[in-house]
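Data block below; observations after.
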Amino acid sequence: MRKNIVAGNWKMNTTVPEGVKLAKEVNKALEGQDVNCDVIICVPFTHLVPVNDAIDANKLGLGAENCADHRSGAYTGEVSAPMVASTGAKYVILGHSERRQYYGETSETLKEKVGLALENGLTPIFCIGEVLEQREDGSYFDVVKKQIEEALFNLSAEDFSKLILAYEPVWAIGTGKTATDDQAQEMHAFIRKTIEDKYGKEVAENTSILYGGSCKPSNAKALFAKPDVDGGLIGGASLDTESFMGIVTAF
Ligand code: PEP
């Protein structure tokens, strides 16, 4: 059975002391709570080691927000999948729209990153989603299908089963404009069908597909109630413990 998951994406926010404080707060809020989902925080590279030391891995999973498309070598400023894994992190966000948009990430580089993450025991949280223009011109199903096919369909069924997917309509990220629960469900069902056509029903049914884009405590319940929405990737609201927990407890 696929898991329900709520994952925070802190993006480029908080200093190390601020991040450790926030992680401890979230960890504490989870103590003694019987939540119905896995909870993960994805934090800046600089925060991985101290945050890993500050949290209980049984309560709170830890991930990075990116990794390099090479194993090691002369790539100044990059952080590799083995380096991320060596911090104790278990997850890595890959293909976030901000990386695609501002840092020119393509399906080709993402394919490399996914392979390296898996090789190093990291679970990719792989993001896909259309921009506003593609939503408006009706090409959004084709766009999302192409993103999945190009970066992920080289994987074996066994490797694909290790992924978490996150559908994040770019027009809803950080804009306060959420996709309606029906829009999310429609796309999530389409993504699941796309997986089924390639890898079969069992793999499709077992893949967690998260929704991301201005998810908040006030809309999380309706989104998570949809049969193909298995949780959320949370940006802004993950920087505040009360808001983040409001989403976690929406399950
Ligand atoms: C994100 O960046 O993954 C995201 C969903 O951001 P926000 O929740 O702030 O829209």
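Checking each residue of the stretch 148-165 against the condition of being open to solvent by 40 Å² or more (accessible area, probe 1.4 Å), under 21 Å from N9 (Cα atoms) and charged (D, E, K, R) gives at least one match.
Applying the selection to the stretch 72-99, what residues are touching a Ser or Thr at 6+ places or on another chain (Cβ under 8 Å) and not in a loop (DSSP other than H, G, I, E, B)?
Passing the criteria: P82, Y91, V92.
Going through D181, D197 one at a time, which residue ends up being crowded, with 17+ Cβ neighbours inside 10 Å, more than 20 Å from L94 (Cβ to Cβ) and not polar (S, T, N, Q)? Before you say what the answer is, go through the steps one by one.
On the way: D197 fails: crowded, with 17+ Cβ neighbours inside 10 Å.
Just one listed residue meets the conditions, D181.
Out of L60, L48, L22, one residue alone is within 24 Å of E242 (Cα to Cα), within 16 Å of the ligand (Cβ to nearest atom), touching a helix residue (DSSP H, G or I) at 6+ places or on another chain (Cβ under 8 Å) and at pLDDT 95 or above. It is L22. When D182, D142, D159 are checked against the criterion of being assigned to a helix (DSSP H, G or I), of a type outside the set (A, V, I, L, M, F, W, C) and under 16 Å from G231 (Cα atoms), a single residue qualifies: D182. Selection over the stretch 200-235 of residues that are open to solvent by 60 Å² or more (accessible area, probe 1.4 Å) and either within 10 Å of the ligand (Cβ to nearest atom) or in contact with a strand residue (DSSP E or B) (Cβ under 8 Å, 6 or more places away or on another chain) (or both) gives a count of 1. Are any residues in the stretch 71-114 open to solvent by 70 Å² or more (accessible area, probe 1.4 Å) and within 16 Å of the ligand (Cβ to nearest atom), and if so, which ones? If the condition is that a residue be open to solvent by 70 Å² or more (accessible area, probe 1.4 Å) and within 16 Å of the ligand (Cβ to nearest atom), then Q101, Y102, Y103 are the ones that fit. When the stretch 1-19 is limited to residues that are out of contact with any strand residue (DSSP E or B) (no Cβ under 7 Å at 6 or more places or on another chain), under 27 Å from V229 (Cβ atoms) and more than 16 Å from the ligand (Cβ to nearest atom), the one that is modelled with the lowest pLDDT turns out to be M1. Candidates are the residues of the stretch 25-64 that are part of a helix (DSSP H, G or I) and in contact (Cβ under 8 Å) with a residue 60 or more places away in the chain; the one that is most open to solvent (accessible area, probe 1.4 Å) is E25.
The values are calculated or read from the model by the stated rules, or taken from the named source; none is laboratory data. Note that the coordinates shown come from a computational prediction; the quantities given were computed from them, not determined experimentally. Cβ coordinates were reconstructed from backbone atoms using ideal geometry, including for glycine residues, and neighbour counts include every protein chain displayed. Note: accessible area is taken over every heavy atom of the protein model, side chains too, but ligands, DNA and RNA are not part of it. Shrake-Rupley method; radii C 1.70, N 1.55, O 1.52, S 1.80 Å.
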